[in-house]
Amino acid sequence: MSDYKDTLNLPKTDFPMKANLAQREPTLLKKWEDINLYQKLRAQGQSRPRFILHDGPPYANGHTHMGHAVNKTLKDIVVKAKTFSGFDVPYVPGWDCHGLPIELKVELKVGKPGRKVTATEFRQACREYAATQIDIQRTEFKRLGVLGDWENPYITMNFKYEADTIRSLAKIMRNGHVQKGYKPVYWCLDCASALAEAEVEYADKTSPAVDVRFAVVDEKDFLARFGNVSAKNISIPIWTTTPWTLPANQAVALNAEVEYVLVECDGKECLLVAEPLLPNILKRYDIQHHRVVGKIRGEKLENVQLRHPFAGRQVPVVLGEHVTVESGTGAVHTAPAHGIEDYDIGKKYNLPLENPVADDGCYISTTPIVAGKHVTQANDIIIETLKENHALLHLAKFSHSYPHCWRHKTPLIFRATPQWFISMEKNQLRAMALDAIKHVNWVPSWGQKRFYSMMEGRPDWCISRQRTWGVPIALFLHKETTEPHPNSVELMEKVAQRVEQTGIEAWYELDAKELLGDDAENYVKCRDILDVWFDSGVTHECVLRENPNLGFPADLYLEGSDQHRGWFQSSMLTSLAINEQAPYKTVLTHGYVIDLEGRKMSKSLGNVIAPEKVIQSLGADVLRLWVASIDYRAEINVSDEILTRTSETYRRLRNTARFLLANLEGFDPENNLVAPEKMLALDKFIVNKARTLQDEIIQAYDAYQFHLIYQKIHYFCTVDLGSFYLDIIKDRQYTTPTNSLARRSAQSAMFHIAEALVRWLAPILSFTAEEIWQYLPGKRNESVFLTTWYAFPALAEDRVMNQVYWEKLREVRDAVNKEIEAQRNAGKIGSALEASVQLYCDDELKSQLDKLGDELRFFLITSGAEVQFANSSLPNDVIATDVAGLSVKVNALSYAKCERCWHRREDVGVNKEHPTLCGRCVENITGVGEVRRYA
Ligand SMILES: [Zn+2]
Ligand SMILES: [Zn+2]
């Protein structure tokens, strides 16, 4: 019958309830592109302090995965939050383009360089392939909502970058950190190349373990070292799991400090072994009767000559601290070409560094027994020979953790090759690094200790690779000495100038005569390329220092914790070698993305969640919200279920925004905003609460604790707003006159909150925040990202009805609600508005509740509320609550329900013209409207 729609201020908004992010997000991306948001931000940031988050370049190969999504989103959150904090935050993304993975991909397409295609054609194919991969990844990163200079990224295969990489190497040479050496390096037979430390992973492998006799050549001399002892048929057995390295054996190492015993075994022969290992050895060799003939410290046996078991040469006993008595015999087979400790000891004793294994993994022609054979075939042949030569004491299978190629998953060998190194010691690089680490801020803080111990223990950095697709080590090497030209630093600059014009091809096309003149005939061009970790390691030099929009050092490097071993090290070392300064002030790391069982994502496990798919089904904002919600310091779990839960949280946040927008419909801040001092007490309270929260949120953004922000915003929206403030003010919004203070005050509070909330959300829910921004009333910038944190009005807290007061009243409200809920469950009432409540309070609480006066019922959302002293004789049906000094009684009301405000009041129908309304509603639609002061 009656229709009060005209007078009821039912909130409505065009802001869509359904997010449809997959469809809506691309239109917002287009908007940002159309208004040229990135450039606008740079223009706006001219006068601001700069904050440099330097992008670690992803490798330009394949679609982006969840690890990329986490990394880029975290960076984007930092960039945007810092912008809101008033910084100019340029973000120049980059790509790493040279290196083996691309070579291998391109080999599949065009064949190996030098076979079907020339090296030049091969490099061109690599260049083209990398460019297509950059395009794929760029599109995907942009779709994620990451704001950056996508049109001008840094790309390590750009000619200028390639030239600057060579210049960086020249600077490091000039400062005395580069060293040439023949060193055993991890060598992958499948890559046919030396590997970087970061390319090595460990896996179990079963190897043949052999105990081999090395016979003493001069027994008389040997026994003389013991004093008065007689023995014959003497050998020193060694134990090794790599029989294939025996052709390169140049010594047997003992520990100077260890006691060795000479033992007669079954009357046939005498063996020298470490005393602590004797019981094991007797068992392993199955010796029935033994007799210790003599005892001696290792140091006394230095330089004893032994007979190599098949190479026909003598090798000395040497002393080394790396020899232990944990396993084996206490005598260690030493092949300087195949092991780093062996190499070091070889240098000390001046042993030959003969390396019998060629680049292709086959033994060179002068190798005894196995010449021309591949190393993988050698073990069997060598074991046979040992048997024939009566040199094999024992053979067993041995399972151990062994270095493998991270790409091929095949076992590596250690192989001495001529290589270029950045030396950790030659010019104090390690000492510089260990000092610099202390002055960097590590987030989380355990990163410092981890990085320090890695730096403390790391070997020299081998920067040379024998591959095709990379920046050349542009050195002219003397044909006889293989030493670099004395003017190398100047020559490299000349090469760099050419590379800047035509790319790395310039080096291969260069005729040495052009730069060296007649001297050219004494030199050859170095054919090695740089380790690709060098390329990305020098971004501080080629990007931070070269791009005028950036700066050195960076404020922040932010990558996965695996980069403690990778990019953080290569960047630190090259920066110290060039600048004697760390390239970053803060290093932030995040964990790996794993599935619920703790496994890494891989195609073969079938547990891959592709960011692309998530964006298509749930939207980029849900993915971003998930990233914000995780404590990224540990490993990061993801599953479809987790993402679904996140999208539910997203919906709650969106609905809060929608409720605020609906209530602001028709609100013109210029004309309707209520001055802070005139606002109702409850509205002041919630605005103050939001302002306090904003401080906490900004603090958490500054500390990179995004999961706290997620929790705080979520709590504020669901608890403080959803089930408290917004619940209470509904009555005012629906029933008081449009232009009344009661309504405008609440709207003003919601306006302040919405203004703040949209900014808190923007770094995380970038798309949704921009969408909300468009619906907010009042004149505003064309993008939320062109603003700073919301400046709340100066809002003096009410002296009496302050935060403490309202928090106390929330407790009362919760206690009353609990009792109402009990009555509802008992079927006594339908809704809270069908009840009135009587509150029995002690003195103090009563005086607090009395301050609300008639407005208490609106605060409690009941049709009536009465406060009484709790004296000794309370009625029987009064219930004591959890709040000290408060008991409560809920009464069902039989009054008619006002059609407009739904309160049950005695005066419904008293006004005959409005028979379905309560007196308050009649006043609100026909008179000047009710006056509300507090709630
Ligand atoms: Zn490999
Ligand atoms: Zn009413």
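Descriptive notes on the structure:
- Criterion: over 23 Å from the mean Cα position of the chain (by Cα), aliphatic (A, V, I, L, M) and open to solvent by less than 10 Å² (accessible area, probe 1.4 Å) - qualifying residue of 544, 558, 530, 573: 530
- Reported count of residues in the range 93-152, each being hydrophobic (A, V, I, L, M, F, W, C) and within 16 Å of ligand 1 (Cβ to nearest atom), is 5.
- Condition check for residue 880: away from ligand 2 (no atom under 16 Å from the Cβ) and more than 30 Å from residue 679 (Cα to Cα): yes
- Residue match in the range 235-242 (condition: in contact with a helix residue (DSSP H, G or I) (Cβ under 8 Å, 6 or more places away or on another chain), of a type in the set (A, V, I, L, M, F, W, C) and within 28 Å of residue 379 (Cβ to Cβ)): no
- Qualifying residue in the range 585-597 (condition: within 20 Å of residue 63 (Cβ to Cβ), of a type in the set (D, E, K, R), open to solvent by 50 Å² or more (accessible area, probe 1.4 Å) and not in a loop (DSSP other than H, G, I, E, B)): no
- Residue check for residue 161: open to solvent by 10 Å² or more (accessible area, probe 1.4 Å), closer than 30 Å to residue 547 by Cα and either aromatic (Phe, Trp, Tyr) or part of a strand (DSSP E or B) (or both): yes
- Long-range neighbours under 7 Å by Cβ, at least six apart or interchain, first residue among the hydroxyl-bearing types (Ser, Thr, Tyr) within the range 843-870, second assigned to a loop (DSSP other than H, G, I, E, B): 863/893; 863/903; 863/905
- Residues that are within 16 Å of ligand 2 (Cβ to nearest atom) and touching a strand residue (DSSP E or B) at 6+ places or on another chain (Cβ under 8 Å) within the range 883-903 comprise 893, 895, 896, 897, 898, 903, listed in sequence order.
- Members of the range 479-490 that are in a loop (DSSP other than H, G, I, E, B) and surrounded by 19 or more Cβ atoms within 10 Å (Cβ to Cβ): 485
- For residue 935, the conditions (1) in contact (Cβ under 8 Å) with a residue 60 or more places away in the chain; (2) touching a strand residue (DSSP E or B) at 6+ places or on another chain (Cβ under 9 Å) all hold with the exception of (2).
- Within the range 98-108, not a single residue is assigned to a helix (DSSP H, G or I), in contact (Cβ under 8 Å) with a residue 12 or more places away in the chain and touching a strand residue (DSSP E or B) at 6+ places or on another chain (Cβ under 6 Å).
- Residue in the range 804-821 that is under 19 Å from residue 905 (Cα atoms), touching a Gly at 6+ places or on another chain (Cβ under 6 Å) and surrounded by 16 or more Cβ atoms within 10 Å (Cβ to Cβ) present: no
- Selection over the range 882-915 of residues that are open to solvent by 30 Å² or more (accessible area, probe 1.4 Å) and among the hydroxyl-bearing types (Ser, Thr, Tyr) gives a count of 2.
- For the range 188-233, residues that are open to solvent by less than 20 Å² (accessible area, probe 1.4 Å), modelled with pLDDT of 90 or more and either in contact with a Phe, Trp or Tyr (Cβ under 6 Å, 6 or more places away or on another chain) or assigned to a loop (DSSP other than H, G, I, E, B) (or both) total 4.
- Taking the listed residues 244, 239, the one that is away from ligand 1 (no atom under 16 Å from the Cβ) and in a strand (DSSP E or B) is 239, with no other qualifying.
Okay, residues lined up against (1) polar (S, T, N, Q); (2) in a helix (DSSP H, G or I):
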residue: 521; (1), (2): no, yes
residue: 527; (1), (2): no, no
residue: 542; (1), (2): no, yes
residue: 550; (1), (2): no, no
residue: 557; (1), (2): no, no
residue: 571; (1), (2): yes, yes
residue: 604; (1), (2): yes, no
residue: 609; (1), (2): no, no
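- Of everything in the range 830-869 that is assigned to a loop (DSSP other than H, G, I, E, B) and of a type in the set (A, V, I, L, M), the residue that is nearest to residue 800 (Cα to Cα) is 852.
- All positions within the range 690-727 that are under 20 Å from residue 634 (Cα atoms), out of contact with any strand residue (DSSP E or B) (no Cβ under 9 Å at 6 or more places or on another chain) and open to solvent by 20 Å² or more (accessible area, probe 1.4 Å): 702, 705, 707, 708, 710, 711
- Some residue of the range 468-478 being assigned to a loop (DSSP other than H, G, I, E, B) and open to solvent by 10 Å² or more (accessible area, probe 1.4 Å): yes
- Count of the range 424-438 residues, restricted to those that are buried (at least 19 other Cβ atoms within 10 Å of the Cβ) and not in a helix (DSSP H, G or I), is 1.
- Count - residues of the range 643-674 that are at pLDDT 95 or above and surrounded by fewer than 17 Cβ atoms within 10 Å (Cβ to Cβ): 9
- Screening 182, 202 for residues that are within 16 Å of ligand 1 (Cβ to nearest atom), touching a residue at least 40 places away in the same chain (Cβ under 8 Å) and either farther than 23 Å from residue 56 by Cβ or of a type in the set (A, V, I, L, M) (or both) leaves exactly one candidate, 202.
- Residues that are in a helix (DSSP H, G or I), touching a strand residue (DSSP E or B) at 6+ places or on another chain (Cβ under 6 Å) and closer than 15 Å to residue 214 by Cβ within the range 359-394 comprise just one, 386.
- Residue 841 vs. criteria farther than 22 Å from residue 730 by Cα and either at pLDDT below 95 or away from ligand 1 (no atom under 16 Å from the Cβ) (or both): yes
- Highlighted here are the strands (runs of 3 or more DSSP E) found entirely within the range 262-332 that include at least 1 residues which are in contact with a Pro (Cβ under 8 Å, 6 or more places away or on another chain): 269-274, 305-307.
- Going through (1) in contact (Cβ under 8 Å) with a residue 40 or more places away in the chain; (2) outside any loop (DSSP other than H, G, I, E, B) one by one, residue 666 falls short only on (2).
- On the stretch given as the range 333-352, residues that are open to solvent by 10 Å² or more (accessible area, probe 1.4 Å), out of contact with any Phe, Trp or Tyr (no Cβ under 6 Å at 6 or more places or on another chain) and not in a helix (DSSP H, G or I) total 4.
- Among the candidates 682, 643, 653, 625, the residue that is in contact with a helix residue (DSSP H, G or I) (Cβ under 9 Å, 6 or more places away or on another chain), within 25 Å of residue 795 (Cα to Cα) and assigned to a helix (DSSP H, G or I) is uniquely 682.
The values are calculated or read from the model by the stated rules, or taken from the named source; none is laboratory data. Worth saying up front: this structure is predicted, and the values here are computed from it rather than measured. Using ideal geometry, Cβ is built from the backbone for each residue, glycine included, and neighbour counts are taken over all protein chains shown. The protein model used for the area step is the full one, side chains on, heavy atoms only, and it has no ligands, DNA or RNA in it. Shrake-Rupley method; radii C 1.70, N 1.55, O 1.52, S 1.80 Å.
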